[in-house]
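The values are calculated or read from the model by the stated rules, or taken from the named source; none is laboratory data. Worth saying up front: this structure is predicted, and the values here are computed from it rather than measured. Here the Cβ positions follow ideal geometry from the backbone for every residue, glycine too, while neighbour counts run over all protein chains shown.
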Amino acid sequence: MSQAFTKSMARNIFFGGSTFFFLLLVALTFDTMQVLPKRDHRENITPAVAHGKMVWEKNNCIGCHTLLGEGAYYAPELGNVYKRRGGEFVKAWIQSRPAEGTPGARRQMPQFNLTPEELDDMVAFLKWTGEINTSNWPPNIEG
Amino acid sequence: MQYQSQAVAKPYFIAAIGLFVGQILFGLIMGLQYVMGDFLFPAIPFNVARMVHTNLLIVWLLFGFMGAAYYIIPEETESELFSPKLALLMFWIFLVAGALTVVGYLLVPYAALAKMTFNDLWPTMGREFLEQPLPTKLGIVVVALAFLFNITMTILKGRKTSISLVLLMGLWGLAVFFLFSFYNPSNLVLDKYFWWWTVHLWVEGVWELILGALLAFVLIKVTGVDREIIEKWLYMIIAMTLITGIVGMGHHYFWIGTPEYWQWFGSVFSALEPIPFFMMTVFAFNMVNRRRREHPNKAATLWALGTGVMSFLGAGVWGFLHTLAPVNFYTHGTQITAAHGHMAFYGAYVMVVLTIISYAMPVMRGRAANSNKSQVLEMWSFWLMTVSIVFITLFLTAAGILQVWLQRVSTTPLGFMAAQDQITLFYWMREFTGLVFLTGLVLYIISFFVGGESKEAA
């Protein structure tokens, strides 16, 4: 870089630029917070949905699955699993995982020993998640 | 070594390398579980292995950053560390807390661990990369604050250079944005929105300040180029990093319930995110070409150049590959993301930590550079690990393209598992390449124990 362009000019660009764009982020975040209630339907977050999210977290489901495309890529997307499979299937699937696994190449899901209440709340959470306005993502029902 | 207290960096670097080995071993376990689903099941299910793999990565990089700061800051400020004893105490606290956390992951079911560690009081666990139990998270905050206090006090009493200022801003940013990990509302959209304030503003924000400062420091040392020039580059690089990267966070806000204007902000700004990484490459090569001295540590120079190139490829090019919203619509949450993640983390953060270790370890062991024999071995490990990560990335990219096609583009889309079954070959090749990476890592460690005639410190 030429001599006319000094270190203090570079430093000013750094401080000015990063401050400006951080403030832009804050402004966009403020606007997002105003718009979100219409997209996330938070009025439908019942105690069951909130508890379902805790069950989801306590069993580290994100360690294998994606949820709205975020997480691990080892097992299917679950943001739309309620639409794909239905609540009863989800419960039956979680309940029927063999504790010792099944020998072979197929990927294994642990037996989490969830209570009937936990299963219901997990399904409530996944149902609510499926109703978030995600701008039509995923591209199809397979997730 | 110019200052006695720089020596506290040594245990930090040793711990970093040790945990790096653990990270790779768990990566290999996961890679095998991709193709042999029952491997180590139910003893180590995939989600546990992944948590250990990613958390070890984060922790060892933090050890690397802290060690780097303890090494660099005395030299930059021309004064001893404020408190070397505090630095050593924090080392042990961080190491024990980290080890206990990993032991907890491995020995106790995650739900039981959550219960034991009072997750019900303040739920923060079970979110990607932020799986640590509450006491561990609090421990990280305590260690980070004590570390920052130590570093800040040292800078306040000594010479203030741009490198130390940038490093300090990066480290404070790291601590501040970690605080978002304590915010976990029951609204998943809000949870995800602010989860990224830790994750994105770390790896595509403040960590790049740390990266830039570390690279600039090593380049001054090995090239002898005038500090004014190097620091001017540093400011321009980190200016572009934050100008593009802060609003570039929008590329994570495409499909998680956030408003659609983020598709524009995210696409445009993150399309510019390769620029600072490209500047980093040009910077590294330029400075080495204009060098005013022939530093005997060739290996450190190689790592510095490698950081420039590989961070541009991994973070810049592979990031750009899937960052535009219309592309990301199809690639979001597939092996493409995994491919990018592997090369970006290796190219940017792993390599910069290995750069500073490569430069600083010989000095701390009383010589300007290791023996030729040792350096040759280190350079072999550089090539083995770097070429391996390139191929791991290529194989995962191929797997990702096929996955996207079979599952999301085809007129007769396959289900997730059916699509995965079709791409097994690439997972096998990835696993094999992972073994080559491990070989490189083993050679890297051996290089520390190779003797021979070495140049004495000046």
What single numbered condition from (1) more than 23 Å from B:Phe177 (Cα to Cα); (2) free of Cβ contacts under 8 Å to residues at least 12 places away in the same chain fails to hold for B:Lys157? (2)
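Pick from B:Thr331, B:Thr301, B:Thr307: which is over 20 Å from the mean Cα position of the chain (by Cα) and either surrounded by 18 or more Cβ atoms within 10 Å (Cβ to Cβ) or at pLDDT 95 or above (or both)?
B:Thr331
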Note on the range A:107-139: residues more than 7 Å from every other protein chain (Cβ to nearest Cβ), farther than 29 Å from B:Asp421 by Cβ and among the β-branched types (Val, Ile, Thr) are A:Thr115
Name every residue in the range B:157-182 that is within 13 Å of chain A (Cβ to nearest Cβ), touching an Asp or Glu at 6+ places or on another chain (Cβ under 8 Å) and not in a helix (DSSP H, G or I), in order of residue number. B:Thr161
If you go through B:Trp207, B:Trp196, B:Trp233, B:Trp202, the only one that is at pLDDT 95 or above, farther than 25 Å from B:Ala304 by Cα and of a type in the set (A, V, I, L, M, F, W, C) is B:Trp196
Tell me which residues, restricted to the range A:53-79, are more than 8 Å from every other protein chain (Cβ to nearest Cβ) and either in a loop (DSSP other than H, G, I, E, B) or within 13 Å of the chain's Cα centre (by Cα) (or both). A:His65, A:Leu78, A:Gly79
Of the conditions (1) surrounded by fewer than 24 Cβ atoms within 10 Å (Cβ to Cβ); (2) without any contact (Cβ under 8 Å) to a residue 24 or more places away in the chain, B:Phe320 satisfies every one except a single condition; which number is it? (2)
Tell me, yes or no, whether the range B:70-92 has at least one residue that is closer than 25 Å to B:His200 by Cα, within 20 Å of the chain's Cα centre (by Cα) and in contact (Cβ under 8 Å) with a residue 60 or more places away in the chain. no
I'd like the residue in the range B:414-429 that is within 8 Å of another protein chain (Cβ to nearest Cβ) and not in a helix (DSSP H, G or I) and, out of all such residues, is nearest to B:Tyr34 (Cα to Cα). B:Gly415
Kindly state which helices (runs of 4 or more DSSP H) lie completely within the range A:80-136 and contain at least 1 residues that are among the small types (Gly, Ala, Ser). A:87-95, A:116-130
Would you point out which residue out of B:Pro42, B:Pro74 is farther than 14 Å from B:Gly98 by Cβ and within 7 Å of another protein chain (Cβ to nearest Cβ)? B:Pro42
Extreme residue, surrounded by the fewest Cβ atoms within 10 Å (Cβ to Cβ), among residues of the range B:245-282 that are within 10 Å of chain A (Cβ to nearest Cβ) and of a type in the set (Phe, Trp, Tyr): B:Tyr261
